[in-house]
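Visitor: I have a structure I would like to understand better, so I am pasting it below and will then ask my questions one at a time.
Each value in this text was obtained by applying a stated rule to the coordinates, not by laboratory testing. Bear in mind the structure is a predicted one, so any value in this text is a computation, not a measurement. Note that we place each Cβ from the backbone using ideal geometry, even for glycine, and neighbour counts take in every protein chain shown.
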Amino acid sequence: MFPNMEVKVVHNFFDLDVVDKTVYKKKELSLLYLSNIMESKGVFKLIEAVDNLRARGVEVTLDVAGAPMSDDFLSCEQVKIKFKDLIKDKDYIRYHGSIDGKEKAVLLHESMIFVLPSFYKTEAQPLSLIEAMASGCILITTNHNYLPDLVKHGVNGSLVTKGSVSELESAIFDYCRNVEKSLTISKYNISYAEKYFSKSKYIENLAKIIG
């Protein structure tokens, strides 16, 4: 339609001023899922991976925050029923509902690994990944749509195949058993987010395009 159009991409940004990197201490075996609760966001695959790790004696914990929603696979009511059943009687999985502000900041700062195993059809570059990066979380997500633009495998986290519980389990286990590697990536992500995803960088990139 517009053969002469030149498309330029400006990454999202996160207000780094709200990040206090000195207050909260990371919990080594702590995972965080912060997104809508949907089949296509991969949260049920994540819970299965966590269950498998616990069965192997890995004392990993999972915090889940977000609202149940429908997608192409399940209705909202079906999601609610499935999620409730999957976390029932599991003290290592904590559900916080929909959160923001201080409560979200605390979870981001205390969690070591942020997991978004999404295969949602219109997944782009969720702000939650940038927030997690700025908070020093290791990122685990899928090789889907634009997610690899934010997560470089082996650099700031890991990319896994969509729908693969075994790859999720393996990636999580690798970081849980290698604390030094985890701390190195955590520090790298804070530095990288400050350099590339600040508000000032966003404005600078827009100015370059506008001229």
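Visitor: Could you please report the charge total around Ser111, scoring K, R as +1 and D, E as -1 over all other residues with beta-carbon less than 9 angstrom from its beta-carbon?
Guide: Cβ neighbours under 9 Å give a net charge of 0.
Visitor: Output ³J(HN,Hα) for the stretch 149-165: one whole-Hz value per residue in order, computed from phi by the Karplus curve 6.51 cos²θ - 1.76 cosθ + 1.60 with θ = phi - 60°, and x for Gly and Pro.
Guide: Whole-Hz 3J(HN,Hα) from phi for the stretch 149-165: 5, 9, 10, 9, 4, x, 9, 10, x, 9, 10, 10, 5, 4, x, 8, 5.
Visitor: In which sequence would Tyr192, Tyr146 go, from the one with the fewest C-beta neighbours within 10 Å to the one with the most?
Guide: Placing the least packed residue first, the sequence is Tyr146, Tyr192.
Visitor: Compute the Kirkwood hydrodynamic radius of the stretch 114-184, taking the inverse of the mean of 1/r over all pairs of distinct Cα atoms, and give it in Å to one decimal.
Guide: 12.2 Å
Visitor: Collect residues whose amide H, placed 1.01 Å from N in the peptide plane, falls under 5 Å from the amide H of Ile138; neighbours closer than 5 in sequence don't count.
Guide: Residues meeting the criterion, in which the H sits 1.01 Å from N, are Ile113, Phe114.
Visitor: Also, I was wondering about something else. Please report Val64, Val115, Val106, Val43 as a ranked list, fewest other C-beta atoms within 10 angstrom at the top and most at the bottom.
Guide: In order of increasing Cβ crowding within 10 Å: Val106, Val64, Val43, Val115.
Visitor: Now for a different question. What list of ³J(HN,Hα) values in whole Hz, one per residue of the stretch 129-135 in order, does the Karplus curve 6.51 cos²θ - 1.76 cosθ + 1.60 (θ = phi - 60°) give from phi, with Gly and Pro shown as x?
Guide: Using θ = phi - 60°, the values come out as 5, 5, 4, 5, 4, 5, 8 Hz.
Visitor: Another question, then. For the stretch 41-103, take the alpha-carbon Rg, divide it by the Kirkwood Rh, and send me Rg/Rh.
Guide: 0.99
Visitor: Also, quick follow-up: Please list 3J(HN,Hα) in residue order for the stretch 171-185, calculated via the Karplus relation 6.51 cos²θ - 1.76 cosθ + 1.60 where θ = phi - 60°; whole Hz, with x for glycine and proline.
Guide: Couplings: 5, 5, 4, 4, 6, 5, 8, 10, 5, 4, 4, 4, 5, 5, 5 Hz.
Visitor: To continue, here is another question. Let me check I've understood the local charge: for Ser75, count other residues with C-beta under 12 angstrom from its C-beta, Lys and Arg +1, Asp and Glu -1. What total comes out?
Guide: Neighbourhood net charge equals -2.
Visitor: Then there is this: Quick check on the exposure proxy: order Met69, Met38 from fewest to most C-beta atoms within 10 angstrom. Could you put the intermediate results ahead of the total?
Guide: Numbers: Met69 17, Met38 23.
Neighbour counts put them in this order, fewest first: Met69, Met38.
Visitor: How are the alpha carbon pair distances in the stretch 71-211 distributed across 10 Å bins from zero to the largest one, expressed in percent?
Guide: Percent of Cα pairs in each bin: 10, 33, 39, 14, 3, 0.
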